[in-house]
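Worksheet for the structure shown next.
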Amino acid sequence: MTPGNVPIPRPAPHIAESPNIKLTSRSTYLKERFLRYLFAAAALVAVLGVLLIFFFVGIRGWPIFQKVGVWDFLTGMVWAPTATPPQYGIFPMLFGSFVVMAGALVLGAPLAIGTAIFLSEIASPKVRSVVRPAVELLAGVPSVVFGFFGLLVLRPFLAAGSGTLGLGLMAGWLILAIMVVPTIATLTEDALDSVSGGVREASYAMGATTWQTIYKVLVPSARVGIIDAIILGMGRAIGETMAVLMVIGNAPVIPKGLFAPFSTITTQIVIDMSYATGDHRTALFGMAIVLFAISMLFVAAVRLVSRLFGAED
Amino acid sequence: MAPKARTVSNTLAMTLLWTSAIVTVGVLFALIAYVFINGIAQISLDFIFGYPRGLHAEGGIWPTIVASVYVTGLAMLIVTPIGILAAVYLSEYARQGRMVKAIRFAADSLAAIPSIVLGLFGLALFVEALGIGFSVLSGALALAFLMLPIVMRTTEEAIRAVPRYIRWGSYGLGATKWQTVSRVVLPAAAPRVLTGLILATGRAVGETAVVIYTMGTMINTPVTPLDPGRSMTVHLYLLSTEGINLQAAYGTALLLMVMILGFNLTARLIVRRSRRLSE
Amino acid sequence: MAVVLCASLLATALSGCATSGPSQRLTVTGSTTILPIAELSAEMFDAAHPGVKVLVSGVGSSAGIESVTSGSSDIGTSSRELKGDELKAGLVDSAIAYDAIAVIVNPDNPVKDLSTAQVRGIFTGKIRDWSEVGGPSMPILLVNRDAASGTREAFDKIVLKGATFDPTAAVLPGTGQVRAVVAQAKGSVGYISLGFVTDQVKAVSIDGVAPSPSTVKDGTYPVRRTLHFFTRGQPKGLARQYVDYVLSQVIQKDVIGKAGFTPIGSGK
């Protein structure tokens, strides 16, 4: 999250920048001006980046929308780019992406929020010094290592237990759930920390237990931050590629059970990219456009939530 | 609520909360233990400094280590000045207005973009359109975009954490804006800025989807930035999906985790040291 | 086409380069399936013959055949047979290995033999339960390879003959993974190169013939293809030496066997 827009109270624009009062040399004034523009340019690189990504991915993927039509692309149920005639329907992958994200959130958000509440309200400094680094470390584990673990440990475990291949939604949910925990936990902890201490003390003073304070006072106060955390966790989950790729089985269909192979937008791109040519490749870039659009929606959602609910602070 | 019910619900809640924390920490330890136990047998000087031989990459993984370090280092070189100057602008120079809003939205968007989209973007722009081809440079440029929002955010927070009176003292002495920023504010914020850079680098080292489409999958020890290479993460991915040489996969995973743990601990140490100094 | 142009340009440029490097050069291009064998053999050949450099690249069987026909490479490797006009180009085949594909099931699965038609039915999704092919009543769990795989391509051509794979099958991007998954899941079935079959999995007989190096060599095992080194006319000189080297015990046993293929015979 970008820091809150609290401006640093600063003195009036520096006299070195006002050309009327000649307390500094013209060269210093020009230098300061130049530097200001230089820094602004650096900041605009971020904007440039987003525009470039939008442009280049868009240009590569747009032809598929012209060929197949946006509606048919998004709702088509058959993904068979190498068949004759080729079919480019990505609905099964959209379904896969959203369902695996939803399950991961259902499993991961409570775990993350619980850990965050624990860290912020219950843990003694000694315990905190173990748990918080653990959460930060978990955030640093590369997704390919999670996938590796999922492939070699989780999948066989699920396969043995269910008599299936072990690949599919259940594996995806479990791996993805643990991957979103650090994102959601860190942001939730920040949100809880920013609730002023006086609120807590008032609650305890009225005789509330710790749990009552938490769920009646703290969580509601921090709810904007918590919702933001969850939305960002959703964004992380839907954009995840490598870990999911290694455990879900990669069949471009809607799964008929918890242990049936399926595919997501991200994984289908990787699986196909190594050999795709022509229209097939364009279609993959088209899927990237869809992903880009979805991630922007999440960013907008966070801002919307802050605007709708944040005004009460 | 009756007092007894309150205590019961409290105890139940405490148990659940403790359980969450234990599960989270437990999974991390399980992961580290699994990689460590299986990978430690593989680690040897030959593994670290040797080259892959034979059909299934027996031998060492030195080219992948070089590739990972090279591409991440170059990315850091590219993103550090841009990210820090951008953050300086946002916190010291900018007036709240439409441009600042646009920049913040862009930074948030950049942070939210899935890494596979960044990878395909890198492929489309750097590898193909600009013709740089699969190379360390293409990878570093793509990674720089990945790291930029992280560096911007952490640097801005570091700058804002510098107490205001320090700035006023500087202005009071007649220093210009730039003199204040460069000689007073940035040095004061340096430990936190450095921590942010290290964390961003740690994130970049763990990336797979971005580098596989920009630096490529060829086993090669890159010398110039235009050389292709295979990063440790890509190597781990390819080894584990092929499934024949799992020993090398464990070893690669372990070295990767050691690197990332190293980054994390270093960042932590810097913050702790700086806190001690400022007290 | 552009690829062939580039490959031939590169080969010409490299062969014309006489300022530095070894005096004798051999260019070998073609199949990506054969690439690992060719590369490793080239490495070992170079080491045994100072002054010689064998340059290997892999762009595809078709490109390999085209470049040896046009003269831009000395040896064209291919994992498929010649077809159409290629048969009239005067190319001589030196077969260097067989790629036999075994259909594997879980060791606890009592099914021992399947007909080609049954295998086709299973992998296209028409046969869904093991009871339909003489096994216990258990749903068939299909494991497929990714579309970039040479093994899948071969299996598709030889067994499926143009029919489409069942889209609900799990798609795994590596031999080791297919083997590991089939080794554990009772109802599963997949296919891997014969050379990678271990006792973790069971290879079924196809049309009554069990896969083994001998049944592959004498052609009775149906699911196999030949890996070729094509040359313009009989191989001569350095090409002859390299081909003989690849057919020798050293390569056949160590490299070809390790790559998962079936050696073609004891060498000279």
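Bear in mind these aren't lab numbers, they're just calculated from the coordinates by the rules spelled out. These numbers were taken from a predicted model, which means no experiment stands behind them. Here the Cβ is made from the backbone with ideal geometry for all residues, glycine too, and neighbour counts use every protein chain on show.
Could you tell me what percent of the DSSP beta bridges with both partners in the range C:100-224 are antiparallel, to the nearest 5?
Bridges in the range C:100-224 are about 60 percent antiparallel.
From the phi angles alone, apply the Karplus equation (6.51, -1.76, 1.60; θ = phi - 60°) to the range C:79-88 and give each ³J(HN,Hα) in whole Hz, x where the residue is Gly or Pro.
With the stated coefficients, the range C:79-88 comes to 9, 10, 7, 6, 9, x, 5, 4, 5, 9 Hz.
Is there a quick way to get the dipole size of the range B:66-231? I mean about its Cα centre, with the Cβ of Lys and Arg at +1 and of Asp and Glu at -1; what is the value in debye to the nearest 20?
760
When only Cα pairs under 8 Å and 6 or more residues apart are kept, what is the percent relative contact order across chain B?
Averaging sequence separation for qualifying contacts and normalising by length gives 26 percent for chain B.
In this model, which of A:Lys256/C:Lys258; C:Lys202/C:Lys253; A:Lys256/C:Lys186; C:Lys83/C:Lys112; A:Lys31/B:Lys101 are farther than 31 Å apart at the alpha-carbon?
Violating the 31 Å Cα-Cα cut-off are A:Lys256/C:Lys258; C:Lys83/C:Lys112.
Averaged across A:198-210, how many Cβ atoms of other chains sit within 10 Å of each residue's Cβ atom?
Mean partner shielding for this stretch: 1.
Hey, got the dipole for chain C? About the Cα centre, +1 on K and R Cβ, -1 on D and E Cβ, debye to the nearest 20?
Using Cβ point charges on Lys, Arg, Asp and Glu, chain C gives about 160 debye.
Can you tell me the 0 to 90 degree angle between the C-alpha axis of helix C:35-48 and the longest principal axis of chain C, rounded to 10?
So the inclination is approximately 40 degrees.
Can you give the helix-only mean residue ellipticity at 222 nm for chain B, where every DSSP H stretch with n ≥ 4 adds -39500 (n - 2.57) and the sum goes over all residues, rounded to the nearest 500 deg cm²/dmol?
-23500 deg cm²/dmol
Just to be sure I understand: if I project the alpha-carbon convex hull of the protein assembly as shown onto a plane and average over all orientations, what area do I get in nm²?
Result: a mean projected hull area of 43.0 nm².
Using a Cα-Cα cut-off of under 16 Å, which lysines could be cross-linked to C:Lys161, ignoring same-chain neighbours fewer than 8 residues away?
Filter leaves C:Lys126.
What does the structure give for A:239-249 when I average, per residue, the other chain Cβ atoms found within 10 Å of the residue Cβ?
That works out to 5 on average.
So for chain A, what are the equivalent ellipsoid semi-axes in whole Å, largest first, each being the square root of 5 times an eigenvalue of the Cα gyration tensor?
Equivalent-ellipsoid dimensions as semi-axes: 41, 33, 17 Å.
Within a 10 angstrom radius of each residue's Cβ in A:150-159, how many Cβ atoms of other chains show up on average? Whole number is fine.
For peptide A:150-159, the averaged partner shielding equals 4.
Ranking request for peptides C:193-199, A:263-269, C:250-256, A:41-47: highest mean number of other beta-carbon atoms within 10 Å first, then the rest in descending order.
Final packing ranking: A:263-269, A:41-47, C:250-256, C:193-199.
Within straight cross-link reach of A:Lys216, meaning Cα distance under 15 Å, which aspartates and glutamates are found once same-chain residues fewer than 8 apart are removed?
Cα-Cα hits under 15 Å: A:Glu121, A:Glu201.
Short version: ³J(HN,Hα) in whole Hz for each residue of the range B:158-167, in order, from phi by Karplus 6.51 cos²θ - 1.76 cosθ + 1.60 (θ = phi - 60°), x for Gly and Pro, what are they?
5, 5, 5, 6, 6, x, 5, 5, 5, 5
Kindly provide the trypsin sites (Lys or Arg not before Pro) of the range B:60-141 that DSSP labels as loop, not H, G, I, E or B, and whose Cβ sees at most 13 other Cβ atoms within 10 Å.
The qualifying sites are B:Arg95.
Points 7 angstrom from Cα along the Cβ direction at A:Ser25 and C:Ala47: gap in nanometres?
Simple spin-label model gives 6.8 nm for this pair.
Pull up all non-local amide H partners of A:Tyr88: gap of 5 or more, or a different chain, and H-to-H distance under 5 Å with H placed in the peptide plane.
Under 5 Å from the amide H of A:Tyr88: A:Ala80.
Can you give the percent of C-alpha pairs in chain C whose distance is more than 36 Å?
Considering chain C, 21 percent of its Cα-Cα pairs are separated by more than 36 Å.
With the crude spin-label approximation of a point 7 Å out along Cα→Cβ, what separation in nm comes out for C:Val250 versus A:Ala205?
Between C:Val250 and A:Ala205, the label points sit 8.9 nm apart.
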